[in-house]
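Inspection log for the structure reproduced underneath, given as structure tokens.
The values are calculated or read from the model by the stated rules, or taken from the named source; none is laboratory data. Keep in mind the model is a prediction, meaning the values are calculated, not measured. Cβ sites come from the backbone with ideal geometry, for glycine too, and all protein chains shown count toward neighbours.
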Amino acid sequence: MTTVVAQQHTGAPIIERIAGEFARQFSTSENGQPSLIADLRLRALEELQRLGIPTVRHEEWKYTNLFPLLAKGFTHVVGGAVQPSALENMTAPLQRWGDVVAMYNGRFVGSRDDGQVLLSLASALAADTALCARIGSLASFDDKAIVAWNTAFLNDGVVLRVPANTTLERPIVVASVLDAREHNVVVHERHFVEVGSGGFAQLVLVQRALGDGESLLNQVLEGWVGESARLVIVVVQDGPPRSHALTTHTIELAKEARVEMITVSIGGGFVRNMPEVRLSGSHADAHLYGLTLADGTMLVDHHTAVEHRVPHCTSNQLYKAILDGRATGVFNGKICVYPDAQKTSAYQANRNIVLSRRATIDAKPQLEIYANDVRCTHGCTVGRLDDEAMFYLRSRGLSKAEAEALLLTAFAEEVTTTIPISPVRDDINATIEHLLHADELA
Amino acid sequence: MKRPILEIRNLHARVGESEILRGVDLVVYPGEVHAIMGPNGSGKSTLASVLAGREDYEVTEGEVLFDGKNLLELSPEERAREGLFLAFQYPVEIPGVSTATFLKTALNELRKHRGLEPLDAMEFMTIMRQRAALVQIDPAFFSRSVNEGFSGGEKKRNEIFQLAMLEPRLAILDETDSGLDIDALRIVADGVNALRSPDRAFVIITHYQRLLNYIVPDVVHVLYRGRIIKTGTKELALELEAKGYDWIKDTAELEA
Ligand SMILES: Nc1ncnc2c1ncn2[C@@H]1O[C@H](COP(=O)(O)OP(=O)(O)O)[C@@H](O)[C@H]1O
Ligand SMILES: [Mg+2]
């Protein structure tokens, strides 16, 4: 008995299965893959084996238990044959948002690869050893089991390179299609973004589930934003409850660079987002916004880390959640100010509305401030809807449910208005309104 | 003889342990304007809140008929749909909800109740512009969040604008005049006067006689310690203004 318990805690059987899969995929023939990458994968696997699957005893995973998720049993898949029409159907509605690149089970598909600005990671790695060396330099897998898992299965992804002083007119929409028609699948994606100095790019990351099985996306993105460049990343998590995600998006900002990361988690089953921003050039500016709208047994965990490494940078985090049913929300917001990073301004706010007694929120600010001349504020609120506002609206003839929907929509829109891509913003607002009004009928 | 729009009989209400309304009687007919005056803390806002359906107050005795229906068993929204309107003493700020969205939802809700089709965007805008002009509200306000960042006077004008939009059968104005300068007071009064009609009644709660120079009441009541202790014509308001509330308090104590 004791051994079973111990095994459960380290997730040893899961790690064993992962190692078996690794052996099957990579050890036989590394045909054509640069040895740098093969080496990276192997080290990542070893780190994963050393760490094991993090349990709730791990400080960073205290509120988020991976085991019920992993117990579903996922099969590693990479690419495979799919009817182009099936992909078309899923991605066509996204054309409104920008130029769509489809990832099918972790494989870059379609003809978008132009060999210059936008290309598949697999083809880029084959041609570019300098790139191989940079993979993993931002999203390190040391002490990070999920990144280690991803790196061990590093295959493909999107490489976006925006030349200096170039503006991409249309946003790039990366649609991650996970095909769970045959079995539950886990898919690893690795993306690489570089915006040259003075450049501007907008990226939308969205996940789509095919079939009735459960699907888990482990997505890692490394992004460099050059001097005075700007990068927008909108993460749209609006899938069905059988669609799960682990995301690690790590961005480094040069001098006067700016990043805006907006994560909208209004669907899915188990969602853990780990955005990380390093402010490495003075006057860099980071904006991280998140919205959670969770019902049923959904779990959404926003685990942020903002590192102020140099003086005169600003960061702003706003994460809001509306939780209903038996949903769980987690917010862990880390701000780290290095000893030299004087004149830092770092703000963080976490606001939650809990609509049901069985829904829970765990919120934890984590401030590590080693400089003395900084402005840093953080605040967390957990509440219900304002009674005065409810009465005011009802006294004008709005039903209780309508008044609630109106107030919740307003609460949510504080986050969605930060999405600078208007078709994305409009569609998301419409979905949110629909979700909040659907409750009204129930 | 017309049926009263509002009949309050022996109304008692409390908050927690303290009884605030202690037997209020009031009958209002369509077309009438009643003023309710009284010192601070008499229970004027409590009466308005009980009528609008605020849940903090418990009615322990008495009854209220609105157009012949038992008002007290209706939810706040049902009361509004039946044609009751309260202009709040302290209008609530609602960040993120635009005045236009709010009023469109409210108005269409009332229309649905009356068996009317919802208004389309164009029709709604036309009505909004027209009614806003009545209280000199700038159409720029339509896209702003309800009452957010409004001055005291703007909030009060916004209440009368909503009244004009929703066209209630009975409007209760709770100290709409307080905090208004003379120009704003005139705007509000002109708006109210324009909305007077034979089918519509007003109950105007005020601490001062000033507003009643502009909106001339048919009946004036004095509420004191949870009871209406005196009822008269508009001259009663002038008398109160001249003699002060102490005069009425003394009278009340004599009668008690
Ligand atoms: N929600 C409440 N909780 C506790 N006491 C209240 C509440 N509302 C009113 N009161 C009390 O009831 C009395 C009457 O208040 P109110 O109706 O506001 O008077 P008015 O509007 O005439 O100034 C006051 O003593 C006030 O403190
Ligand atoms: Mg009052």
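With respect to A:Leu87, is the statement that it is closer than 23 Å to A:Leu138 by Cα and among the hydrophobic types (A, V, I, L, M, F, W, C) true? Steps first, please.
Values: closer than 23 Å to A:Leu138 by Cα: no; among the hydrophobic types (A, V, I, L, M, F, W, C): yes.
In short, no.
Given the residues A:Gly329, A:Gly290, which is the only one that is closer than 30 Å to A:Lys255 by Cα and not in a loop (DSSP other than H, G, I, E, B)? So that I can check it myself, show each step before the final result.
Details: A:Gly329 fails: closer than 30 Å to A:Lys255 by Cα.
A:Gly290 is the lone residue from the list that is closer than 30 Å to A:Lys255 by Cα and not in a loop (DSSP other than H, G, I, E, B).
In contact with a strand residue (DSSP E or B) (Cβ under 6 Å, 6 or more places away or on another chain), within 14 Å of chain A (Cβ to nearest Cβ) and of a type outside the set (D, E, K, R) - does that describe any residue in the stretch B:70-84?
Yes: one or more hits.
For B:Leu21, are the conditions met, namely being within 16 Å of ligand 2 (Cβ to nearest atom) and touching a strand residue (DSSP E or B) at 6+ places or on another chain (Cβ under 7 Å)?
Values: within 16 Å of ligand 2 (Cβ to nearest atom): yes; touching a strand residue (DSSP E or B) at 6+ places or on another chain (Cβ under 7 Å): yes.
Considered against the rule, which asks whether it is within 16 Å of ligand 2 (Cβ to nearest atom) and touching a strand residue (DSSP E or B) at 6+ places or on another chain (Cβ under 7 Å), B:Leu21 comes out as yes.
Which members of the stretch B:37-69 meet the condition of being of a type outside the set (A, V, I, L, M, F, W, C), more than 16 Å from ligand 2 (Cβ to nearest atom) and in contact with a strand residue (DSSP E or B) (Cβ under 9 Å, 6 or more places away or on another chain)? Talk me through it step by step, then tell me what you get.
Start the filter on the stretch B:37-69 by keeping residues that are of a type outside the set (A, V, I, L, M, F, W, C), which leaves B:38-46, B:49, B:53-58, B:60-63, B:67-69.
Okay, now just the ones that are also more than 16 Å from ligand 2 (Cβ to nearest atom), so B:53, B:55, B:58, B:60-63, B:67-69.
Listed by number, the residues that qualify are B:Gly53, B:Glu58, B:Thr60, B:Glu61, B:Gly62, B:Glu63, B:Asp67, B:Gly68.
Among the residues that make up the stretch B:93-100, is at least one of them within 16 Å of ligand 1 (Cβ to nearest atom) and either closer than 20 Å to A:Asp386 by Cα or touching a His at 6+ places or on another chain (Cβ under 7 Å) (or both)?
Taking the stretch B:93-100 and keeping what is within 16 Å of ligand 1 (Cβ to nearest atom), we get none.
Looking for residues that are within 16 Å of ligand 1 (Cβ to nearest atom) and either closer than 20 Å to A:Asp386 by Cα or touching a His at 6+ places or on another chain (Cβ under 7 Å) (or both), one finds none in the stretch B:93-100, hence no.
Suppose we keep only residues that are within 15 Å of A:Arg394 (Cβ to Cβ) and among the polar types (S, T, N, Q) within the stretch B:62-107. Which one would you say is surrounded by the most Cβ atoms within 10 Å (Cβ to Cβ)?
B:Thr105
Considering A:Asn155, A:Asn165, which residue is at positive phi and part of a loop (DSSP other than H, G, I, E, B)?
Numbers: A:Asn155 fails: at positive phi.
The unique qualifying residue is A:Asn165.
Restricting attention to the stretch B:112-129, does a residue exist that is of a type in the set (Gly, Ala, Ser) and within 14 Å of another protein chain (Cβ to nearest Cβ)? Write out each step before concluding.
Our first condition is that a residue be of a type in the set (Gly, Ala, Ser); within the stretch B:112-129, this holds for B:115, B:121.
Of the ones still in play, those that are also within 14 Å of another protein chain (Cβ to nearest Cβ) are none.
The answer is no, given that none of the residues of the stretch B:112-129 is of a type in the set (Gly, Ala, Ser) and within 14 Å of another protein chain (Cβ to nearest Cβ).
So how many residues does the stretch A:216-262 have that are within 17 Å of the chain's Cα centre (by Cα) and under 18 Å from A:His191 (Cβ atoms)?
28
If you check B:Ile5 against the conditions, is it under 28 Å from B:Gly152 (Cβ atoms) and either away from ligand 1 (no atom under 15 Å from the Cβ) or out of contact with any Asp or Glu (no Cβ under 7 Å at 6 or more places or on another chain) (or both)? Walk me through it before giving the result.
Details: under 28 Å from B:Gly152 (Cβ atoms): no; either away from ligand 1 (no atom under 15 Å from the Cβ) or out of contact with any Asp or Glu (no Cβ under 7 Å at 6 or more places or on another chain) (or both): yes.
For B:Ile5, the condition - under 28 Å from B:Gly152 (Cβ atoms) and either away from ligand 1 (no atom under 15 Å from the Cβ) or out of contact with any Asp or Glu (no Cβ under 7 Å at 6 or more places or on another chain) (or both) - is not met.
Looking at the stretch B:149-256, what helices (runs of 4 or more DSSP H) fall wholly within it and have at least 1 residues that are under 30 Å from B:Gly96 (Cβ atoms) and either within 16 Å of ligand 1 (Cβ to nearest atom) or within 14 Å of chain A (Cβ to nearest Cβ) (or both)?
On the way: elements: B:152-166, B:182-195, B:234-243, B:245-255.
Helices (runs of 4 or more DSSP H) meeting the threshold: B:152-166.
I'd like to verify a number: residues in the stretch B:23-67 that are under 16 Å from the mean Cα position of the chain (by Cα), more than 14 Å from chain A (Cβ to nearest Cβ), part of a loop (DSSP other than H, G, I, E, B) and away from ligand 1 (no atom under 12 Å from the Cβ), how many?
Residues in the stretch B:23-67 being under 16 Å from the mean Cα position of the chain (by Cα), more than 14 Å from chain A (Cβ to nearest Cβ), part of a loop (DSSP other than H, G, I, E, B) and away from ligand 1 (no atom under 12 Å from the Cβ): 4 in total.
Out of the stretch A:106-123, which residues are in contact (Cβ under 8 Å) with a residue 40 or more places away in the chain and either within 18 Å of A:Val235 (Cα to Cα) or in a strand (DSSP E or B) (or both)?
Of everything in the stretch A:106-123, those that are in contact (Cβ under 8 Å) with a residue 40 or more places away in the chain and either within 18 Å of A:Val235 (Cα to Cα) or in a strand (DSSP E or B) (or both) turn out to be A:Gly106, A:Arg107, A:Phe108, A:Leu118, A:Leu119.
In contact (Cβ under 8 Å) with a residue 40 or more places away in the chain, over 19 Å from A:Tyr289 (Cβ atoms) and charged (D, E, K, R): which single residue out of A:Asp427, A:Asp362 fits that description?
Working: A:Asp427 fails: over 19 Å from A:Tyr289 (Cβ atoms).
Every option except A:Asp362 fails the conditions.
For the stretch A:1-58, which fully contained helices (runs of 4 or more DSSP H) count at least 2 residues that are at pLDDT below 90 and surrounded by fewer than 16 Cβ atoms within 10 Å (Cβ to Cβ)? Steps first, answer last, please.
Numbers: elements: A:2-10, A:12-22, A:35-51.
In the stretch A:1-58, A:2-10, A:35-51 are the helices (runs of 4 or more DSSP H) which contain 2 or more residues that are at pLDDT below 90 and surrounded by fewer than 16 Cβ atoms within 10 Å (Cβ to Cβ).
Those residues that are of a type in the set (A, V, I, L, M, F, W, C) and over 23 Å from B:Glu78 (Cα atoms), I need them from the stretch B:138-192; list them, please. Walk me through how you get there before you give the answer.
We begin by selecting, within the stretch B:138-192, every residue of a type in the set (A, V, I, L, M, F, W, C); these are B:140-142, B:146, B:150, B:160-161, B:163-166, B:170-173, B:180, B:182, B:184-185, B:187-189, B:192.
Listed by number, the residues that qualify are B:Ala140, B:Phe141, B:Phe142, B:Phe150, B:Leu180, B:Ile182, B:Ala184, B:Leu185, B:Ile187, B:Val188, B:Ala189, B:Val192.
Of everything in the stretch B:80-96, what is away from ligand 2 (no atom under 16 Å from the Cβ), more than 13 Å from the chain's Cα centre (by Cα) and not in a strand (DSSP E or B)? Give them in sequence order.
Taking the stretch B:80-96 and keeping what is away from ligand 2 (no atom under 16 Å from the Cβ), we get B:80-85, B:93-96.
Now drop any that are not more than 13 Å from the chain's Cα centre (by Cα), which leaves B:81-82, B:93-96.
Within the stretch B:80-96, B:Arg81, B:Glu82, B:Glu93 meet the criteria.
As an exercise: evaluate A:Asp426 against (1) at pLDDT 95 or above; (2) within 14 Å of chain B (Cβ to nearest Cβ); (3) over 19 Å from A:Met261 (Cβ atoms) and give the number of the one condition it does not meet.
(2)
Inside the stretch A:376-392, can you point out the residues that are more than 7 Å from chain B (Cβ to nearest Cβ) and in a helix (DSSP H, G or I)?
Of the stretch A:376-392, the ones more than 7 Å from chain B (Cβ to nearest Cβ) are A:376-387, A:390.
Across the stretch A:376-392, the qualifying residues are A:Asp387, A:Met390.
Would you confirm whether or not the stretch B:9-22 contains a residue that is part of a loop (DSSP other than H, G, I, E, B) and modelled with pLDDT under 95? Reasoning before the result, please.
First pass over the stretch B:9-22, keeping only residues part of a loop (DSSP other than H, G, I, E, B): B:16-17.
Still in the list and also modelled with pLDDT under 95: B:16-17.
Taking every residue of the stretch B:9-22 in turn, at least one turns out to be part of a loop (DSSP other than H, G, I, E, B) and modelled with pLDDT under 95.
Looking only at the stretch A:226-235, decide whether some residue is over 21 Å from A:Ala412 (Cα atoms) and among the polar types (S, T, N, Q). Even if it seems obvious, please write down each step before you answer.
Step one: of the stretch A:226-235, the residues over 21 Å from A:Ala412 (Cα atoms) are A:226-231.
Then keep just the ones that are among the polar types (S, T, N, Q); that gives A:228.
Yes, because at least one residue in the stretch A:226-235 is over 21 Å from A:Ala412 (Cα atoms) and among the polar types (S, T, N, Q).
Looking at the stretch A:401-428, which of its residues are assigned to a loop (DSSP other than H, G, I, E, B) and either surrounded by fewer than 19 Cβ atoms within 10 Å (Cβ to Cβ) or in the same structural domain as A:Gly267 (by TED's automatic domain parsing) (or both)? First the steps, then the outcome.
First, the residues of the stretch A:401-428 that are assigned to a loop (DSSP other than H, G, I, E, B): A:417-421.
Within the stretch A:401-428, A:Thr417, A:Pro420 qualify.
Is it the case, given these coordinates, that A:Thr431 is among the polar types (S, T, N, Q), out of contact with any strand residue (DSSP E or B) (no Cβ under 6 Å at 6 or more places or on another chain) and surrounded by fewer than 22 Cβ atoms within 10 Å (Cβ to Cβ)?
On the way: among the polar types (S, T, N, Q): yes; out of contact with any strand residue (DSSP E or B) (no Cβ under 6 Å at 6 or more places or on another chain): yes; surrounded by fewer than 22 Cβ atoms within 10 Å (Cβ to Cβ): yes.
Yes, satisfied.
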